[in-house]
Amino acid sequence: MEDKYISPFLEALKNVISQFGVTDIRFGKPERKETMHVDTDITAVLGLVGNLRGNVAYSMSSETAKKTVSAMMYGMPVEEIDSIARSAIGEMANMITGNAISSSLSLLLSGEKTTFDITPPSIIFGKDIYFIISSIETVSVPVDTSIGRIEVNIGLEI
Amino acid sequence: MDMRMTVPFVEALQDIFKQMAMIEVQTDGDPFNDNEEVHSYGVSSIITFAGKIKGRFLIDLDTQVALQAAKNITGSSYDSPKEQMVLAVVSEMNNIISGNAITKLNNEYGLSLRLAPPIVFAGTDVVISIPKVASASVTCTTACGKLKASVAISKA
């Protein structure tokens with residue numbers, strides 16, 4: 001997977017979370033791996049179908065998740081990750097991926113008829129989880145923000 | 001959710017487990033409406049799809065079922081479900097099961113569904129949730145443990 005396919009997701013993440021008032025967004029060094037080990041609490045993962053096929057996962061700690069949901073709801077305090085909070089995290093994953101696809105990725109694939117679709121997000125909680133989200137390779141980028149670290153894992157079949 | 005949607009998935013699950021992994025899968029009963037949260041038995045694999053409708057198919061295996069399937073397919077023994085080969089086997093089985101089921105659904109109902117690649121994971125105290133989408137599950141029994149198949153469909 002070339003780097004040019006990764007940056008649209010990072011830019012979209014920056015775009016979306018800065019709209020919620022999150023600041024100090026810094027991208028870490030991308031790392032390539034076959035399996036993805038997550039030791040944070042919450043992962044939101046969704047799929048892409050069409051001429052770009054793959055999965056994208058966003059992982060964060062429950063502290064970061066609470067702060068993210070709170071930021072999305074104009075600062076409303078969030079005590080626990082209940083069904084509304086989960087739905088908000090899923091919605092954020094949807095927004096970021098949708099944004100990435102509509103803004104930059106479709107330009108990269110110009111010339112081809114673009115027929116993308118995003119599948120519904122699944123939220124996975126737990127400790128010490130080993131994932132495989134792509135049969136080819138997964139690129140993992142840590143993103144540090146004012147509300148904590150969000151790890152973006154991209155597994156596209158290109 | 002329409003319970004008919006679960007039929008092709010459960011049939012394909014039984015076929016593929018028998019053909020590939022030599023594991024007989026008996027369903028415990030009819031599909032039931034499941035909670036939004038699913039507590040994983042050990043190893044889970046999710047495959048999502050989109051077309052005229054969107055949704056996801058989840059297979060959730062007892063650790064022993066996953067280890068046995070990996071052993072029967074690859075011929076080697078594994079100790080932990082977190083080993084890459086075990087995860088890869090479950091992921092590939094789900095890919096084949098969903099591929100079969102989706103083809104049937106597309107032929108029968110013209111849904112133009114396409115699959116995203118499978119996701120597979122194993123961890124400690126794992127809970128899977130798919131917000132705002134109704135799911136129907138079928139629990140099944142095999143000689144080496146339990147497994148669950150769950151289909152969730154949302155309107156696109």
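Quick one: in the stretch A:123-140, of everything that is of a type outside the set (Asp, Glu) and not in a strand (DSSP E or B), which residue is farthest from the other protein chains (Cβ to nearest Cβ)? Don't jump to the end; show me each part of the working.
Within the stretch A:123-140, the first condition is being of a type outside the set (Asp, Glu), and the residues that meet it are A:123-127, A:129-136, A:138-140.
Now narrow it down to the ones that are not in a strand (DSSP E or B): A:133-136.
On the way: A:Ile133: 5, A:Ser134: 6, A:Ser135: 6, A:Ile136: 9 Å.
So the residue we want is A:Ile136.
Assigned to a loop (DSSP other than H, G, I, E, B) and within 14 Å of chain B (Cβ to nearest Cβ): does that describe A:Asn55? So A:Asn55 does not fit the description; no. Taking the options A:Ile89, A:Ile81, name whichever one is touching a helix residue (DSSP H, G or I) at 6+ places or on another chain (Cβ under 7 Å) and in a loop (DSSP other than H, G, I, E, B). Every option except A:Ile81 fails the conditions. All of (1) more than 24 Å from B:Gln64 (Cα to Cα); (2) touching a strand residue (DSSP E or B) at 6+ places or on another chain (Cβ under 7 Å) hold for B:Ile119 with one exception: (1).
In summary, A:Ala88 fulfils each of the numbered conditions (1) at pLDDT 90 or above; (2) touching a strand residue (DSSP E or B) at 6+ places or on another chain (Cβ under 7 Å) with the single exception of condition (2).
Looking across the stretch B:111-130, not a single residue is within 20 Å of A:Val49 (Cβ to Cβ) and free of Cβ contacts under 8 Å to residues at least 24 places away in the same chain. Of all residue pairs spaced 6 or more apart or on separate chains, those with beta-carbon atoms under 6 Å, a first member in the stretch B:25-36 that is in contact (Cβ under 8 Å) with a residue 40 or more places away in the chain and a second member that is surrounded by 11 or more Cβ atoms within 10 Å (Cβ to Cβ) and of a type in the set (Phe, Trp, Tyr) are B:Val25/B:Phe17. Every condition in (1) out of contact with any Pro (no Cβ under 8 Å at 6 or more places or on another chain); (2) hydrophobic (A, V, I, L, M, F, W, C); (3) within 10 Å of chain B (Cβ to nearest Cβ) holds for A:Val45 except the one numbered (1). Residue count for the stretch A:1-29 under the criterion of being in contact with a strand residue (DSSP E or B) (Cβ under 7 Å, 6 or more places away or on another chain), over 15 Å from A:Tyr58 (Cβ atoms), of a type outside the set (D, E, K, R) and in a loop (DSSP other than H, G, I, E, B): the result is 1.
How about the stretch A:1-34: which of its residues are within 29 Å of B:Ile102 (Cα to Cα) and surrounded by fewer than 17 Cβ atoms within 10 Å (Cβ to Cβ)? Before the answer, list the steps.
In the first step, residues of the stretch A:1-34 are kept if they are within 29 Å of B:Ile102 (Cα to Cα); the result is A:1, A:5, A:9, A:34.
Listed by number, the list holds a single entry, A:Glu34.
For the stretch B:103-123, the criterion of being farther than 30 Å from A:Glu91 by Cβ, in a helix (DSSP H, G or I), more than 9 Å from every other protein chain (Cβ to nearest Cβ) and over 17 Å from the mean Cα position of the chain (by Cα) is satisfied by at least one residue. Is there a residue in the stretch A:59-67 that is more than 14 Å from chain B (Cβ to nearest Cβ), of a type in the set (Asp, Glu) and either crowded, with 21+ Cβ neighbours inside 10 Å or touching a residue at least 24 places away in the same chain (Cβ under 8 Å) (or both)? Taking every residue of the stretch A:59-67 in turn, at least one turns out to be more than 14 Å from chain B (Cβ to nearest Cβ), of a type in the set (Asp, Glu) and either crowded, with 21+ Cβ neighbours inside 10 Å or touching a residue at least 24 places away in the same chain (Cβ under 8 Å) (or both). Looking only at the stretch B:126-156, residues that are of a type in the set (Ser, Thr, Tyr) and either crowded, with 23+ Cβ neighbours inside 10 Å or facing chain A (nearest Cβ under 8 Å) (or both) come to 4 in all. If you go through the stretch B:34-45 and pick out every residue that is modelled with pLDDT of 90 or more and more than 10 Å from every other protein chain (Cβ to nearest Cβ), you end up with 2.
Scanning the stretch B:1-56 for residues that are more than 13 Å from the chain's Cα centre (by Cα), closer than 19 Å to B:Leu87 by Cα and among the polar types (S, T, N, Q) yields a single hit, B:Gln19.
A count restricted to the stretch A:68-103 and to residues that are within 11 Å of another protein chain (Cβ to nearest Cβ) and among the polar types (S, T, N, Q) stands at 3.
Look at B:Asp2 and say whether it is in contact with a Ser or Thr (Cβ under 9 Å, 6 or more places away or on another chain) and not polar (S, T, N, Q).
no
The values are calculated or read from the model by the stated rules, or taken from the named source; none is laboratory data. Quick caveat: nothing in here was measured; it's all calculated off a predicted structure. No Cβ is skipped: glycine too gets one built from the backbone with ideal geometry, and neighbour counts run over all protein chains shown.
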